[in-house]
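Beneath this line is the structure, given in structure tokens, with notes to follow.
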């Protein structure tokens, strides 16, 4: 018998669809000699193996397909940053910049600026203060031109309440929070309480992927003694990753002698708004709300008693009273910080 | 912070059994970075990581087909353990040192995984795959359409441009014989 015929019959045998005539033909062949029988069994095994391999083959193809898609998703991201995609815009940008500089020069803007600066350095009058206030305001709201505002928030309850500054979330329609320890997940949050005058807001994570925030390690100290020189530190997102800053309480009152806030000597930048201020025991004692551009080292932090007031107003109706247990009180500073970091959130407001 | 997963482990195992692309894609995204990290830390490159990870998923597919299969740990841990095992085998094969391995995550011991049988089967399957590649066209297409994608001879004849199913069938048996020869020679 020809080999092709044999393998055909073998396959039919495996699939159990031999007719009588074919059965006899195969029987004769197998019984003819020992080597024939061996060949027959070899064929059977091979066909079975091939049949069996099917689902594994399909799975392997599927995995390879997924792998390709996974890699392409990264390639697309990289593509955005190649030089060739930027070149067409460079010439346009260069022409615009030259035009703007020329206009400014002709209109005498540069000399005007110099006069203003000299004036600021020399005087310490009410005008300077109002200018300082204006620049403070500008720092806080200068992000209007770009597409989103970035700031910091921190967790204050296990069901997803976060505290932050009100000026960040005002006037915007979408608030996204990103955890410091897992930056791949952006979650939606909504405003549940705020005080415009005191510049404080409470957000609640309202995203479907959010389950809970467990074991918040720090507590909030609502009536700590305000003593000059008390060591304080803060964690915030003045760039896209978290930044630690430390200093001391430097004044009893905040901007324009505001008694609801204190002045601390922590270096801060835009994006630090809403950062918690901790004392050496890992207790929250304030929330950074702004700084005075005209004065060095003057960052203002909202006193935690303000937080208490707004949380009390919440607990009366919707939420249970917030109680946090401090588990890092006696840890060294670096250990405290690493425990706290997972509970600090970057917020992006669109 | 806890993130709720869209699938639980039982659903993922079922998804692998069903060869569900969405589940595979999810598992790929969740587990690949850890395993790539492990392999890079222990003397491999990105291509090694890709190969090992794909092989781990296929091994897992074999594993879940077994009748007595049950998950003794989290699925992530399980996949990591398989990949770790495969990479150590690979290192041993290259006769490299496997004494000080940088661990990335906790893992199951090898005697709990029982991968030896699967490794044997995989060797045969890889041999078969390689033989199929060596066979070339049109045999490769005919055989894979028939045996893997389960097309009928009529469909194959149309797709491959044979005048009728009978011709395609004869061609298929010739291909099968050749495949067997290559496979046995290796």
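Quick check on region A:208-231: of everything there that is under 18 Å from residue A:324 (Cβ atoms) and out of contact with any helix residue (DSSP H, G or I) (no Cβ under 8 Å at 6 or more places or on another chain), which residue is farthest from the other protein chains (Cβ to nearest Cβ)? Only one residue tops the list, namely A:219.
Of the residues that make up region B:26-38, is at least one in a loop (DSSP other than H, G, I, E, B) and at negative phi? Even if it seems obvious, please write down each step before you answer.
From region B:26-38, those in a loop (DSSP other than H, G, I, E, B) are none; that's our starting set.
No, every residue in region B:26-38 fails to be in a loop (DSSP other than H, G, I, E, B) and at negative phi.
Within region A:127-159, restricting attention to residues that are within 14 Å of chain B (Cβ to nearest Cβ) and surrounded by 21 or more Cβ atoms within 10 Å (Cβ to Cβ), which residue is modelled with the lowest pLDDT?
Per the criteria, the residue is A:157.
Could you please let me know if residue A:210 is touching a strand residue (DSSP E or B) at 6+ places or on another chain (Cβ under 7 Å), farther than 17 Å from residue A:282 by Cα and either crowded, with 18+ Cβ neighbours inside 10 Å or in the same structural domain as residue A:332 (by TED's automatic domain parsing) (or both)? The answer is yes for residue A:210. When residues in region B:48-64 are screened for being modelled with pLDDT under 90 and out of contact with any helix residue (DSSP H, G or I) (no Cβ under 7 Å at 6 or more places or on another chain), 0 of them pass.
Among the residues of region A:2-24, the ones that are surrounded by fewer than 13 Cβ atoms within 10 Å (Cβ to Cβ) and away from chain B (no Cβ under 11 Å) come to 7 in all. Taken over region A:37-49, the residue count meeting the criterion of being buried (at least 16 other Cβ atoms within 10 Å of the Cβ) and away from chain B (no Cβ under 12 Å) is 1.
Among the residues in region B:54-70, are any more than 14 Å from chain A (Cβ to nearest Cβ), buried (at least 17 other Cβ atoms within 10 Å of the Cβ) and out of contact with any strand residue (DSSP E or B) (no Cβ under 8 Å at 6 or more places or on another chain)?
Filtering region B:54-70 for residues more than 14 Å from chain A (Cβ to nearest Cβ) gives B:67-70.
Applying the additional criterion that residues be buried (at least 17 other Cβ atoms within 10 Å of the Cβ) yields none.
No, there is no match, as no residue in region B:54-70 is more than 14 Å from chain A (Cβ to nearest Cβ), buried (at least 17 other Cβ atoms within 10 Å of the Cβ) and out of contact with any strand residue (DSSP E or B) (no Cβ under 8 Å at 6 or more places or on another chain).
Scanning region A:172-184 for residues that are touching a helix residue (DSSP H, G or I) at 6+ places or on another chain (Cβ under 9 Å) and either at pLDDT below 80 or outside the structural domain of residue A:302 (by TED's automatic domain parsing) (or both) returns A:180, A:181, A:182.
Could you check, for region A:61-69, whether at least one of its residues is farther than 20 Å from residue B:18 by Cα, within 13 Å of chain B (Cβ to nearest Cβ) and either out of contact with any helix residue (DSSP H, G or I) (no Cβ under 9 Å at 6 or more places or on another chain) or in contact (Cβ under 8 Å) with a residue 24 or more places away in the chain (or both)? Looking through region A:61-69, at least one residue is farther than 20 Å from residue B:18 by Cα, within 13 Å of chain B (Cβ to nearest Cβ) and either out of contact with any helix residue (DSSP H, G or I) (no Cβ under 9 Å at 6 or more places or on another chain) or in contact (Cβ under 8 Å) with a residue 24 or more places away in the chain (or both). Every condition in (1) in contact with a strand residue (DSSP E or B) (Cβ under 9 Å, 6 or more places away or on another chain); (2) within 22 Å of residue A:336 (Cβ to Cβ); (3) part of a loop (DSSP other than H, G, I, E, B) holds for residue A:259 except the one numbered (2).
The values are calculated or read from the model by the stated rules, or taken from the named source; none is laboratory data. These figures come from a predicted structure and were not determined experimentally. Cβ atoms come from the backbone with ideal geometry, glycine included; neighbour counts cover every protein chain shown.
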